[in-house]
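Below is one structure; the comments refer to it alone.
Coordinate-derived values only; no laboratory data. Bear in mind the structure is a predicted one, so any value in this text is a computation, not a measurement. Methodologically, a virtual Cβ is constructed for each residue, glycine included, from the backbone with ideal geometry; neighbour enumeration extends over all protein chains shown.
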């Protein structure tokens, strides 16, 4: 009996070894192939100077009509605004996807939970936020929100815009949650949902309301395109901030844990 | 050897290393990071493409594309991490309690 | 196309409603509120087909470009003959089925399949191109499955499964044949007149593909299984009308596809001859009346197969022989379907002596007709058959001259056997229902008596009723057959059995133990002998367990392909391959 | 009269708005989801109806023509894909409307199945937006974004069932589709470097062969091949499709796979056909042939119904690739048309099969093929749907699959590439065999009293039957679709000349 067991173990081990050896060969082959590909790409790209740039020249006179002076923002929100709309939707989709997969305990969002399981070892707990952290957070977060607002607004004429502002807002949110994880339980989930949807919805609404001005989808009415863009940018920034925070949290607040404390 | 050449080579190296990681690393987290590396490589190339040669006008379209690409990359990474966490959590749990109710469908 | 006058418009309407009206009725049967009304109107579905036979001239052709890659519908002489009896058989059977199934809970489902099969049957006759024929043929074949399994008994399901297996095999064969024809011929139109360039392979594909439906010999075994289990109305159309679709397929496709049909004529004649006698011999071993009739159909189809072979052998007489085949099909279609309907009626008429007498008398008349009794349509086709065999090349004219009367004898023997196993009434049904059934049957009987006489082509074959030699030629096989049949019956009685030797229905698949040992049938159709008490009637077909032998190996290979590293290598190799291909382009 | 092109953006607006709303108001998600899919279906039909005589059409988003802006482009192929997505999606939505309550109602599952329903609808609507956007896109980079929208939504839907296996499959699916889309993006960048144009039609006209373009196109192609799960890179498909919830499996197999194939078809059959190497076509065709055989054989050995259907997808995808070399050598539109027919009839039949399998699973609590006896009595409509969809997958007339295979066969023989024809026939025989494995159980009685676990709603059975019957009778409407495909190139009559002169 014992002998049989050890025999089986040995066989398993030898099989494992066989696999390991094969794995090593596979890995080498993969790396070699990648090296070949990369070398070829390197040769191809370096050999050939980039083609004549027609787009940049064609674009130059159009920037005036875009309503903003920053070329990147003009392309991002006006010329290729449709791409950006879909991109905002991708972010929304990520939030949606994560919410559909996982739930978190709203009283301690840094611990995963799921309907079938219960959190075992909370890895972040203590009597409350420490003093230094709390103070820092109290000073930093309003500042970050302020800077985020500025960045978003500045996007119209220089580097900046909704994504930069939104990223900062997201950073503020993450900081807040790290410092005071319990805080999230005080926010009603419906409000979070609203915050996530706000930016994409504004973008879509603005796009649709362009029909009312006789234009195509996302064709902002010509005088004052800038203010439309600003509206979109602020909406997007808020939603990006909230969505990034929810991405960090990694799940929807579990309603059961919100309501009943006696849940095992 | 200009600065563009340096950018291009490092971008391609990033892409290659990322691809290698994705295909040969067995840990899921490494795979996710590897995909991020690949994305960075592609973005770098995009940025270089916007540079413009010898003082000609800078092409801003690739820059806008990079911004879009980054947001998409963040989104996919977040989803991938959540999935990986869930999977790991289950594995940990099933190591504790082997008998699990059979799920339907 | 601005000058469509009223008449040609009417023709076009008729041609498209031939298959269209039954399909339209199916839609309305599905819709609950108007089910009852539609059910009452069911016999109307055959009306357009009958009107086409009567009124639409042969040169009218409807092009339906929106339908299935462009269809073409029309009616040529041979199509007209086939549509004539097909429409009549469907008409009588609809009348009969409408009455006999009037209290069946699943009657709407039944008539759904029934009408689709009807549409397919009419459509394939009207179709003037190969694809259209194939489409309607497939439609009919698959819908017939629903008719066979209607009763949901294990036997019905078994018959249905065997039937369906054969249908699918047949479809694949026909598909391959059609492809070959499409590959060589300029088109698939039946009226081109140019022979194809196909060889032996195409012949085998066509013979088996259509032979399955026509009950040709090696692939006939579904018939005796399916006919007894289907409701009476369904077996009537199966044996009366649908079986002839395979025949029509041969007639249509041999000239279209084969470069030299004469090469295969002799094979076809031999197979037909074997079928003509084989059907009788195996039929004698049966104890169920409908099964006996099914074997009789196989035997009769054998005769029509012989005629097909004759037409292939002598292309000069092809047109004449085709019209003889059409006559035979009309005669047999009407007679056999009425026999089936009568058998069904007998089953349900308990304790009604006078009705049973009438029924038996009618059935005896039809049996005599089948055997070629003078003054009946059977005698007409026998004479025509004799004319044809006389015009053949030396060896075959002699052989057929000798054997054809013997087939009549054999038919009569089988008919006597049929009467000895005729069902006694088991269940009695309501008076009103029986009257309606009788009415349908009576209409069928009228068709048997008058059908061929109404057919103008029949007048071409003078069969000299009053000639005493002809009279004797018609009578002696019947007398001889009756005597032999009676003797066989006596022998069976003495052995205290219902028939002298007993064979399972579906002969070759029936002898399951034998074939199971040889593993041939199970390999294809998964028919296996069931241990008693096992509810799973059929096991795994062999060709699937063939794969399961390599199950582990295949799984291992697939597992290797599931690994990231392998995928990475494949992915990169593919990418590099593409680049290399670019470089050398 | 409405200008048909101006309807196009609504195909994206409606599902996006529906997705946002359904997420915002979880309690109304079913209503929102259903009305959005219905509106989407009506809209797709309206666009097809209005623009059938005026295609190709273009719509400048934001009013900017290229090179600055992005165009939506509508041609015959787009219309067919949009309509296919709309109709199949609508049927699947109606199925889902009954599916989730059936699972919720079955006892212990409220905690898990309730949220599944709440999240299914927004995710599915976003996926629909992604698909519509992808079919409409006329811009290389915009295609990347729509690909990502589609992929993210599809991954989230895959993982929705909450099982461990489905999460593992979803993560793998995500990584695979990231590898694919990053390759695509890299290819896009390289092409942009060479031409500085993103508008597809301009790009196709401008592009000249050079090493950068080679590598760009090669990267784009392999990325898309991986996403289309062409053999031998199909490894992610069966687990993802099998472990997902039933409506999700149907969506993934019928629609999502087609999206990336649509791009391959666009690039290899249209935009870049001029500079792509002949050998590449043969390579893809060869892999397609291998897929047909391998997928068919693997389907034969599966023990579970859903697994069999998934491998059948692998096999059926092979047909689509076999069509590419035939199209390359066929001047007329008939082989193109054949390919489109294979795509749409597979969508209907495969969705019907998955939905029917879902019904079987709901009713019996398992989908082991060898224990399916008695399905006919318990679920008559479902078993009928299985049989009919099976007939369509085998490619028997009058199914759309038949038309597709028939035209491909004749085209392959006509262009002297008979070997593809042999593969097509062999694949059909394999399909007959594996479908027969399932269908034969429809004829047997249940061993004991019916062991039904759950009631299956009539709508669920009906939607699967609807799709099956649709894919079966699709052949009858063939000329209508061929008109779309051959709209500007060749008239209907000369197309049919190849079949019925």
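Averaged over the residues of D:67-80, the number of partner chain Cβ atoms lying within 10 Å of the residue Cβ comes to 3.
Centroid-to-centroid, using Cα positions, the stretch A:37-77 and the stretch C:314-349 are 81 Å apart.
Which angle between 0 and 90 degrees, to the nearest 10, do you get for helix D:164-195 versus the longest principal axis of chain D when only C-alpha atoms count? The two axes meet at around 10 degrees.
Using a 10 Å cut-off around each Cβ, can you sort A:153, C:31, A:228 from fewest to most neighbouring Cβ atoms?
Details: A:153 16, C:31 9, A:228 20.
By the 10 Å Cβ count, ascending: C:31, A:153, A:228.
Taking the alpha carbon gyration tensor of the protein assembly as shown, what are the square roots of 5 times its eigenvalues, largest first, to the nearest whole Å?
68, 34, 29
Give me the percent of DSSP beta bridges within the protein assembly as shown that run antiparallel, rounded to the nearest 5. Of those bridges, close to 85 percent are antiparallel.
Tell me, what is the percent relative contact order of chain D, built from C-alpha pairs under 8 Å that lie six or more residues apart?
Values: 866 pairs, mean separation 76.3, N = 501.
Dividing the mean separation by the residue count of chain D yields 15 percent.
Once you reduce the stretch D:137-198 and the stretch D:224-261 to the center of their Cα atoms, the two points are 13 Å from each other.
Mean projected area of the convex hull spanned by the Cα atoms of chain D, taken over all viewing directions: 21.9 nm². Expressed as a whole percent, the proportion of Cα-Cα pairs in the stretch C:257-380 lying more than 24 Å apart is 38%. For chain D, the longest principal axis of the alpha carbon atoms and the long axis of helix D:458-473 meet at an angle near 40°. As a footprinting exposure proxy, order D:422, D:94 by other Cβ within 10 Å, with the fewest listed first. Result, fewest neighbours first: D:422, D:94. With a/c under 1.5 counting as rounded, go ahead and sort the stretch C:135-260 into rounded, prolate or oblate using the C-alpha gyration tensor (a ≥ b ≥ c being the square roots of the eigenvalues; past the cut-off, prolate if a/b is larger than b/c, else oblate). Prolate.
Each of D:166, D:392, C:259 was scored by other Cβ atoms within 10 Å of its Cβ. Arranged with the fewest first, they read C:259, D:166, D:392.
Distance from the alpha carbon centroid of the stretch C:350-412 to that of the stretch D:405-444 works out to 44 angstrom.
If Rh is defined by the Kirkwood formula over all Cα pairs and Rg also comes from Cα, what ratio Rg/Rh do you get for the stretch D:278-495? If you can, show how the numbers build up before the last one.
Numbers: Rg = 18.2 Å, Rh = 17.7 Å.
My calculation of the ratio gives 1.03.
For peptide A:219-231, what's the mean number of Cβ atoms from other chains within 10 Å of each residue's Cβ? Each step should come with its number before you reach the end.
Working: counts 6, 2, 0, 1, 0, 0, 1, 0, 0, 0, 0, 0, 0.
Other-chain Cβ atoms within 10 Å of each residue's Cβ, averaged: 1.
Over all distinct Cα-Cα pairs of the stretch A:61-259, the Kirkwood formula returns a hydrodynamic radius of 18.1 Å.
Structural descriptor for the stretch D:186-296: relative contact order 27 percent, calculated from alpha carbon pairs under 8 angstrom and at least 6 residues apart. Taking chain D as the reference, fit the longest principal axis to its C-alpha atoms, fit the long axis of helix D:110-136 to the helix C-alpha atoms, and give the angle between the two in degrees, 0 to 90, nearest 10. For D:110-136 against chain D, the angle is about 20 degrees.
What does the average come to when, for each residue of peptide A:59-72, you count the partner chain Cβ atoms lying within 10 Å of its Cβ?
3
From the Cα gyration tensor of the stretch C:32-131, with a ≥ b ≥ c the square roots of its eigenvalues, which class applies: rounded if a/c is under 1.5, or else prolate if a/b is larger than b/c, or else oblate?
prolate
Here the contact order of the stretch C:255-378, divided by its residue count and restricted to Cα pairs under 8 Å and six or more residues apart, works out to 23 percent.
Note on the protein assembly as shown: helix-only mean residue ellipticity at 222 nm, from DSSP H runs of 4+ residues weighted -39500 (n - 2.57) and normalised by residue number, equals -24000 deg cm²/dmol.
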